[in-house]
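In what follows, a single structure is set out as structure tokens and then discussed.
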Amino acid sequence: MTKTPATTHDGKVVSVAGDKLTTTCSQGKEHCHTMAKDAKVTCDGKASKAADLKAGTDVHVTCHKDDKTVATAVESGKHIPAAGHKA
């Protein structure tokens, strides 16, 4: 049995409201995610909360392997490439 890898993408935060995270990708498309109850949120490698993510922040979002609308991890910080720029 083959494991389905998690999906990831880089983008910018549009908004965070409760457990809903909206981002835009490098193509300008909006992506809406529901934060998993155990989602790991980090900023510059330190544990953080979704509520700490501000509009315009560059993020790297990891989605659930079976449901790409569920975010299981969100990384932000200086090490995340700006959306629209290939690393």
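The table below gives the values:
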quantity: Residue list for the range 29-49, filter: buried (at least 18 other Cβ atoms within 10 Å of the Cβ) and over 19 Å from residue 7 (Cα atoms); calculated: 43
quantity: The listed residue being in contact with a Ser or Thr (Cβ under 7 Å, 6 or more places away or on another chain) and touching a residue at least 40 places away in the same chain (Cβ under 8 Å), out of 74, 59, 70; calculated: 59
quantity: Selection count, the range 4-51, where residues are on the phi > 0 side of the Ramachandran plot and among the acidic types (Asp, Glu); calculated: 1
quantity: Test: residue in the range 4-17 that is out of contact with any Leu (no Cβ under 9 Å at 6 or more places or on another chain), more than 16 Å from residue 81 (Cβ to Cβ) and basic (Lys, Arg); calculated: no
quantity: Restricting the range 1-28 to residues that are charged (D, E, K, R) and within 21 Å of residue 65 (Cβ to Cβ), the residue that is surrounded by the most Cβ atoms within 10 Å (Cβ to Cβ); calculated: 10
quantity: From the options 39, 55, 51, 6, residue that is under 17 Å from residue 78 (Cα atoms) and of a type outside the set (Ser, Thr, Tyr); calculated: 55
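Here, each number is a calculation from the coordinates, and none is a lab measurement. Computed from a predicted model, the values in this text were never measured in an experiment. Reconstructed Cβ throughout: ideal geometry from the backbone, glycine too, with neighbour counts over all protein chains shown.
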